[in-house]
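These notes are about the structure you will find just below.
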Amino acid sequence: MPRRFSTALILAISVSLYANAAALAKPPALLFAHRGGSYEFVENTLSAFEGSYEKGLRGFETDVRMTADGELVILHDDDLQRMYDAAGPVERLTADKLRSVVTKKGGRPMLFLDKLLAYFADKPGIYLELEMKTNNKYLYPDARLDEYCRKLLAAVQAHRPKNSIYVLTSFDERPLRTVHTLDKNAERLLITDGPCSPEIVNRAKDLDIHRIGVHIDETSRAAVRDAQKAGMRVSCWPGHNLKDYQLAVGLGVDAICTDIPVAIQTWKETHERR
């Protein structure tokens with residue numbers, strides 16, 4: 001005699017199959033190049049962004065600081081010493097001085113924000129995270145922070161290409177709040193050096209932010225899922241190697257930061273052809 005199934009069981013199975021199909025239909029996580037690809041190129045130089053773009057990357061991350069005379073430049077560190085043939089914070093140097101320094105490796109010039117934005121201006125479909133490096137309140141007191149945010153926001157608004165997403169990010173809540181007062185529609189992302197958690201989700205909600213960048217270590221799939229259910233788009237970092245990328249995919253995040261974008265892109269293309 002054929003087995004009879006209850007209506008409740010059939011409904012449960014149908015819901016499960018629908019959920020699995022929806023998960024499979026979810027678009028793959030966006031891959032973006034940390035500092036343009038810091039393990040494969042001279043980080044945060046125009047050649048790094050050019051190199052990653054030419055290999056098919058459309059997602060990028062970089063760091064923005066402001067010179068003593070109010071120009072925006074691309075640099076991660078508080079001090080020039082690690083990367084350039086100079087020393088000291090860019091915040092204490094003029095733009096003219098910085099135009100004369102070059103990287104220790106490859107002799108690349110200091111990259112100014114306007115030049116980076118000009119490079120992407122005719123390239124639609126770009127995802128660009130611009131990290132606001134304002135954590136040092138001595139270098140960025142409130143008045144200077146306001147000037148910084150106004151200039152950064154104006155530059156983004158003037159140069160963003162069509163169908164692109166430019167996101168202003170920071171560990172520092174101050175510029176995230178300031179940007180929101182200047183433009184309620186500006187895309188922002190709160191970064192944490194901890195894992196995905198209810199705490200970071202609540203902090204983001206308090207800032208009226210719907211994007212978070214979390215540390216991959218100790219982040220769980222359940223935490224990512226809960227954050228997404230709460231309306232967050234979840235990015236993760238760091239991405240030093242292929243295992244980091246594979247872990248991030250397994251966590252189900254929306255975007256993955258990597259220092260080896262070309263290697264990951266090549267691996268993906270090879271893997272997808274199989």
If I ask for residues that are among the basic types (Lys, Arg) and either within 27 Å of ASP226 (Cβ to Cβ) or assigned to a helix (DSSP H, G or I) (or both), which ones from segment 243-274 would you list? LYS243, LYS268, ARG273
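With ASP142, ASP172 as the choices, which residue is touching a residue at least 24 places away in the same chain (Cβ under 8 Å) and within 19 Å of ILE209 (Cα to Cα)?
Working: ASP142 fails: within 19 Å of ILE209 (Cα to Cα).
Result of the check over ASP142, ASP172: ASP172.
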Working carefully through the options GLY125, GLY107, GLY37, find the one that is without any contact (Cβ under 8 Å) to a residue 24 or more places away in the chain and assigned to a loop (DSSP other than H, G, I, E, B). GLY107
Of the numbered conditions (1) touching a residue at least 40 places away in the same chain (Cβ under 8 Å); (2) over 24 Å from ARG203 (Cα atoms), ARG82 satisfies every one except a single condition; which is it? (1)
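Identify all residues within segment 150-179 that are closer than 14 Å to THR134 by Cα and among the polar types (S, T, N, Q); write none if there are none.
Our first condition is that a residue be closer than 14 Å to THR134 by Cα; within segment 150-179, this holds for 150-152, 168-179.
Passing the criteria: THR169, SER170, THR178.
So, in segment 225-260, exactly how many residues are among the β-branched types (Val, Ile, Thr) and surrounded by fewer than 19 Cβ atoms within 10 Å (Cβ to Cβ)?
Of the residues in that region, 1 qualify.
Looking only at residues that are of a type in the set (Lys, Arg) and closer than 25 Å to ALA154 by Cβ in segment 41-82, which one is surrounded by the fewest Cβ atoms within 10 Å (Cβ to Cβ)? Break it down into steps so the answer makes sense when it comes.
Here is the first cut: in segment 41-82, the residues of a type in the set (Lys, Arg) are 55, 58, 65, 82.
Going one step further and asking which of them are closer than 25 Å to ALA154 by Cβ, we end up with 58, 65.
Working: ARG58: 18, ARG65: 24.
Ranking the qualifying residues of segment 41-82, first place goes to ARG58.
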Could you pull out the residue among VAL73, VAL42 that is assigned to a strand (DSSP E or B), out of contact with any Pro (no Cβ under 6 Å at 6 or more places or on another chain), under 28 Å from PRO161 (Cβ atoms) and of a type in the set (Val, Ile, Thr)? VAL73
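Of the residues ALA222, ALA263, which single one is exposed (fewer than 14 other Cβ atoms within 10 Å of the Cβ), farther than 28 Å from LEU152 by Cβ and out of contact with any Cys (no Cβ under 7 Å at 6 or more places or on another chain)?
On the way: ALA263 fails: exposed (fewer than 14 other Cβ atoms within 10 Å of the Cβ).
Of the residues listed, the single one that is exposed (fewer than 14 other Cβ atoms within 10 Å of the Cβ), farther than 28 Å from LEU152 by Cβ and out of contact with any Cys (no Cβ under 7 Å at 6 or more places or on another chain) is ALA222.
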Looking only at residues in segment 153-184 that are modelled with pLDDT under 95, in contact with a helix residue (DSSP H, G or I) (Cβ under 9 Å, 6 or more places away or on another chain) and part of a loop (DSSP other than H, G, I, E, B), which one is surrounded by the most Cβ atoms within 10 Å (Cβ to Cβ)? ARG160
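Can you name the residue in segment 136-150 that is assigned to a helix (DSSP H, G or I) and under 14 Å from LEU176 (Cα atoms) and is also nearest to the chain's Cα centre (by Cα) among such residues? Steps first, answer last, please.
Step one: list which residues in segment 136-150 are assigned to a helix (DSSP H, G or I), which gives 142-150.
Adding the requirement that they be under 14 Å from LEU176 (Cα atoms) leaves 142, 145-150.
Details: ASP142: 24, LEU145: 21, ASP146: 22, GLU147: 23, TYR148: 19, CYS149: 18, ARG150: 20 Å.
Filtering first and then ranking leaves CYS149.
The values are calculated or read from the model by the stated rules, or taken from the named source; none is laboratory data. Bear in mind the structure is a predicted one, so any value in this text is a computation, not a measurement. Cβ: placed from backbone, ideal geometry, glycine included. Neighbour counts: every protein chain shown.
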